[in-house]
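Input: a single structure, listed below in structure tokens.
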Amino acid sequence: MRPKTLITGGAGFIGSHLCDRFLHEGHDVICMDNFITGRPDNVAHLIGDPRFRLIEHDVTNYTYVEGKLDYILHFASPASPIDYLELPIQTLKVGALGTHKALGLAKSKQARLLLASTSEVYGDPLEHPQTESYWGNVNPIGIRGVYDEAKRFAEAMTMAYNRYHGVETRIVRIFNTYGPRMRANDGRVVSNFINQALRGDDITVYGDGSQTRSFQYIDDLVEGVWRLLMSDESEPVNIGNPDETTIAEFASEVVGLTGSGSKVVFEDLPKDDPQVRRPDISKAKAVLGWEPVVKRQDGLQRTTEYFRRELEGSLQD
């Protein structure tokens, strides 16, 4: 009998790629999404596959799936600054109530649950690079706190279910990820810069551009999630690419890659924006045998081609 996997937030950028991977691995996949930030188009190519089922549902409400369930991947959440600043209550609720509902379902089904956490649990870090043992530097009442603290609470709840109820759990701390199926207007650095460059608009850098980020391609993340889910590691694992770059350097890279005439302009840095971000992936290497393999140039090329097609399609509509 085929394993059955539930992916909450399955019509989102990352969730839809996980749907693809788990179907490829021979699983029956239930994709659950309320489409606040996810898009039906992301999984449209899977409709009609008898092993795939799409359910429109808000996981902060009572959640039940008939029959057996082997794995749950809890990826439901607004996950970009523009989303969680516009949807602060929903972000907090899905991190708290949604995680509670997903864990309750895992307990009742004796399923293994993997929580999508984030590098944002480290806040504006005082430790660099960030290891899993670092507790973070988060402003709980700042504008970004609705996301940071939702994920920190979700981790605490997940470990409580692991220790108290014996639920098999995994926690992935995801660092900046990019690739096809990102929303053009999601407010993330990669999608912002590429789309501004393709349109010939000014590229907006916040602050002086000296802050750093480490970008990983979606395929690398999906591989890391798969390996973590199938491992015996119950404590958090960083999955990210330690190839660190400044935002200003990255903007120049995008301009060169797209052949754009865009100028780089600088605006005020948002409150609590992290100054540095780079994962220490020693644990992922040792425990999962995982490390990223897609070079940034290659990943950006694929992502740019995706956004170029999306832009051309929107102009024809």
Considering the stretch 1-55 alone, what residues qualify as being buried (at least 19 other Cβ atoms within 10 Å of the Cβ), of a type outside the set (Ser, Thr, Tyr) and either touching a His at 6+ places or on another chain (Cβ under 6 Å) or in a strand (DSSP E or B) (or both)?
-> 4, 6, 7, 28, 29, 30, 31, 32, 33, 52
Note down all Cβ pairs under 8 Å where the first residue falls in the stretch 227-244 and is within 21 Å of residue 3 (Cβ to Cβ) and acidic (Asp, Glu), the second is modelled with pLDDT of 95 or more and surrounded by fewer than 16 Cβ atoms within 10 Å (Cβ to Cβ), and they're at least six residues apart or on different chains.
-> 233/287
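Suppose the filter is buried (at least 20 other Cβ atoms within 10 Å of the Cβ) and of a type outside the set (S, T, N, Q); does residue 182 pass it?
Numbers: buried (at least 20 other Cβ atoms within 10 Å of the Cβ): yes; of a type outside the set (S, T, N, Q): yes.
Considered against the rule, which asks whether it is buried (at least 20 other Cβ atoms within 10 Å of the Cβ) and of a type outside the set (S, T, N, Q), residue 182 comes out as yes.
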Within the stretch 195-209, is there a residue that is closer than 22 Å to residue 306 by Cα, assigned by TED's automatic domain parsing to the domain that holds residue 109 and among the charged types (D, E, K, R)?
-> no
Mind checking whether some residue in the stretch 292-299 is β-branched (Val, Ile, Thr), closer than 29 Å to residue 124 by Cβ, part of a helix (DSSP H, G or I) and modelled with pLDDT of 95 or more?
-> no
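Condition check: crowded, with 16+ Cβ neighbours inside 10 Å, over 16 Å from the mean Cα position of the chain (by Cα) and either within 25 Å of residue 227 (Cβ to Cβ) or β-branched (Val, Ile, Thr) (or both). Does residue 105 satisfy that? So that I can check it myself, show each step before the final result.
Values: crowded, with 16+ Cβ neighbours inside 10 Å: yes; over 16 Å from the mean Cα position of the chain (by Cα): yes; either within 25 Å of residue 227 (Cβ to Cβ) or β-branched (Val, Ile, Thr) (or both): yes.
When the stated conditions are applied, residue 105 passes them.
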Top-ranked residue of the stretch 111-131 - restricted to ones that are out of contact with any strand residue (DSSP E or B) (no Cβ under 6 Å at 6 or more places or on another chain) and acidic (Asp, Glu), ranked as surrounded by the most Cβ atoms within 10 Å (Cβ to Cβ) | 120
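The values are calculated or read from the model by the stated rules, or taken from the named source; none is laboratory data. Here the structure is a predicted model, which means the values were calculated and not measured. Note that each Cβ is placed from the backbone with ideal geometry, even for glycine, and that neighbours are counted across all protein chains shown.
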